[in-house]
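Enquirer: Have a look at the structure that comes next, please.
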Amino acid sequence: MKYHRVTAHSFWWLKWCCSLYMFLMVIFLTAYVVTRNISFAIALAVMLLILVMFFTVVRHTNFYKAGKISCLIQKHIEENQLYETAFRGRKRVYTFYPQTDWCMDTASNTLHIRFRLSGNQINLRGLETGLADRLEKVCLNIYEKRGYIEYLFELEQEKALVISSKADIPGDSGETTVYLSPSLIWNYRKIPHFLIVGSTGSGKTTFTRFIISSLLKCGVRVLYLDVKRDVEMEQFCHGNIAITYAYEPKQISEEISLITEELQSRTVDISNMEQQGIDGNTDFNFNPVCVICDEIILMKLVFPDKLYKETLGKINAIIVSGRSKNIYAGLISQSGLAEYFGNSGIRGNIGLKVALGQMSAGEYSMIFGTEYADVKNLRYGEIGSGLIMRTGLDSRPREFVAPYIKNHALD
Ligand SMILES: Nc1ncnc2c1ncn2[C@@H]1O[C@H](COP(=O)(O)OP(=O)(O)OP(=O)(O)O)[C@@H](O)[C@H]1O
């Protein structure tokens, strides 16, 4: 990868050329206004045409893109005063300017920006949010090595998968992978359980239907607990024999009890197999099951208190100990689930976290952790867009756009 250096004086020649060009245009304009000589007007028109043609052609070249990135980084350094200056006589000179390099890696779709840590007063850590806003790119990772701090950004915004029919859902039977976007996969065995949060209309239900369809393709049996009884979801679930749909408290309680019994019996099976000398880390090949609970907080209002606590306890048991028994849980909610998570370690056990739409700092910190309170969805306004984080795979929340599901594609 070839790194480009950003210096305090990068592009001085470009600034001079632009100023000169503008100056000439003003001269021609003034000359035309004063003399009314048509040749000045023609010269002005030609200059304008050249300018437009230049930008139309150059805008799409790598030269322009590279220049823009350098300019933006340079601007960021200047506006945040990440340098030191001193006066030599009447002239102000830079006594420190951070050694800054960047490069694009098209293969991994990343932009790397690195600063040399020089040990002076200027703090070059914690620049990710400011740089992300300026570059309009999501920060994927930050790491320090050999005296440098390097920020990794997503180079190009990813296009969403388009699903026109069930056949378009990527993946095969027996796989444990759900293809969330062209570059994002979710292995539910390695990164167990999921959480989808988003305000009303952000695309939770549509995205959940895609996840369910993908899980079914992998051969996972689904239990959908829907306290609010979404008519569309009910129809979708009834159209498939591998999905059990429950909405009444009694029915939800019975179904979840069956799953926890299954969890217990698989626990016994594992311990029996281990006693027979089979390695505890072996994949025991239990049939995969996923319990998806829509609006878990709503249960508190709808269920009698005792039943609510029991159901909650059972879902928590799946989250904490379901992975090795091939039993998974999915939670969908409109809020960051502050009340549900409380001080428990439940959130830490959920592998895939998705926040659709734009959320508040408090909600982001509840979903992803307090250190990510200030993340933003830069694609806000785009249907199904949000942020995603896969435990153990992503070092911080990253941009995400859910597959675009055409009308009746998953029916
Ligand atoms: N991924 C998507 N592909 C295509 N259309 C979508 C997608 N996500 C959302 N939509 C559109 O936005 C509408 C609202 O989405 P959806 O019902 O999934 O939101 P929601 O967050 O579940 O809302 P609520 O909480 O009110 O149920 C859908 O009817 C659909 O038209």
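The values are calculated or read from the model by the stated rules, or taken from the named source; none is laboratory data. A quick note: this is a predicted structure, and the numbers were derived from the prediction, not measured. Because the Cβ atoms are built from the backbone with ideal geometry, glycine has one as well, and the counts that use them run over all protein chains shown. Heads up: the accessible areas ignore ligands, DNA and RNA and are worked out on the full protein's heavy atoms, side chains in. Shrake-Rupley method; radii C 1.70, N 1.55, O 1.52, S 1.80 Å.
Enquirer: Which FRET efficiency value, to the nearest 0.05, is calculated for residue 261 and residue 360 with the Förster distance at 45 angstrom and r the Cβ-Cβ distance?
Expert: E(calc), rounded to 0.05, equals 0.70.
Enquirer: Name the most mobile residue of 334, 358, 235, meaning the one with the largest mean-square fluctuation, in a Gaussian network model of the chain with Cα contacts below 10 Å.
Expert: 235
Enquirer: Contact order normalised by length for region 75-197, with contacts defined as Cα pairs under 8 Å and 6 or more residues apart; what percent is it?
Expert: Over region 75-197, the number comes to 16 percent.
Enquirer: Now, a different point. Take residue 66, project a point 7 Å from its Cα along the Cβ direction, then tell me which residues of region 85-108 have their backbone nitrogen under 18 Å from it.
Expert: Under cut-off, by backbone N: 100-108.
Enquirer: Counting only protein heavy atoms and using a 1.4 Å probe, what share of the accessible area of the chain belongs to carbon plus sulfur, as a whole percent?
Expert: Its accessible area is 56 percent carbon and sulfur atoms.
Enquirer: Between residue 80 and residue 316, what FRET efficiency comes out of the Förster formula 1/(1 + (r/R0)^6) with R0 = 60 Å and r the beta carbon distance, rounded to 0.05?
Expert: So the FRET efficiency works out to roughly 0.85.
Enquirer: If you count only protein heavy atoms with a 1.4 Å probe, what accessible area per residue comes out for region 162-405, rounded to a whole Å²?
Expert: Per residue, region 162-405 has an accessible area of 43 Å².
Enquirer: Any of 300/353; 15/159; 204/309 with alpha carbons more than 32 Å apart? Name them for me.
Expert: 15/159
Enquirer: Can you compute the FRET efficiency between residue 300 and residue 275 using 1/(1 + (r/R0)^6), with r the Cβ-Cβ distance and R0 = 45 Å? Round to the nearest 0.05.
Expert: The computed FRET efficiency comes out at 0.65.
Enquirer: Under a crude label model (7 Å from the Cα following the beta-carbon direction), how far is residue 39 from residue 232 in nanometres?
Expert: Once both label points are built, they end up 6.8 nm from each other.
Enquirer: Ok, one more. In nm, to one decimal, how far is the residue 116 label point from the residue 165 one, both placed 7 Å along Cα→Cβ?
Expert: Roughly 6.0 nm, to one decimal.
Enquirer: Where a Cα-Cα gap under 18 Å defines reach, which aspartates and glutamates qualify for residue 217, not counting those fewer than 8 residues away within the same chain?
Expert: Answer for residue 217, where 18 Å is the Cα cut-off: 168, 172, 175, 411, listed by chain and number.
Enquirer: So, for region 4-154, what is the accessible surface per residue at a probe of 1.4 Å, expressed in square angstrom?
Expert: Per-residue accessible area for region 4-154 comes out at 64 Å².
Enquirer: What is the local net charge at residue 143, summed over the other residues whose Cβ is closer than 12 Å to its Cβ (Lys, Arg +1; Asp, Glu -1)?
Expert: Overall, the nearby charge balance is +2.
Enquirer: Pull out the extension gain between residue 373 and residue 8, defined as 0.36 nm times the separation in residues minus the alpha carbon to alpha carbon distance; nm, one decimal.
Expert: Difference between extended and current length: 128.2 nm.
Enquirer: Let me know the charge dipole size of the chain about its Cα centre in debye, to the nearest 20, where only the beta-carbon of Lys, Arg (+1) and Asp, Glu (-1) is charged.
Expert: Dipole about the Cα centre, nearest 20: 2080 debye.
Enquirer: If you don't mind, there's one more thing I want to ask. Of the candidates 297, 278, 388, which one comes out as most mobile in a Gaussian network treatment of the chain with C-alpha springs shorter than 10 Å?
Expert: Result for the chain, Cα springs under 10 Å: 278 fluctuates most.
Enquirer: Taking springs between alpha-carbon atoms closer than 10 angstrom, which of 307, 216, 352 fluctuates most in the Gaussian network model of the chain?
Expert: Answer for the Gaussian network model of the chain: 307.
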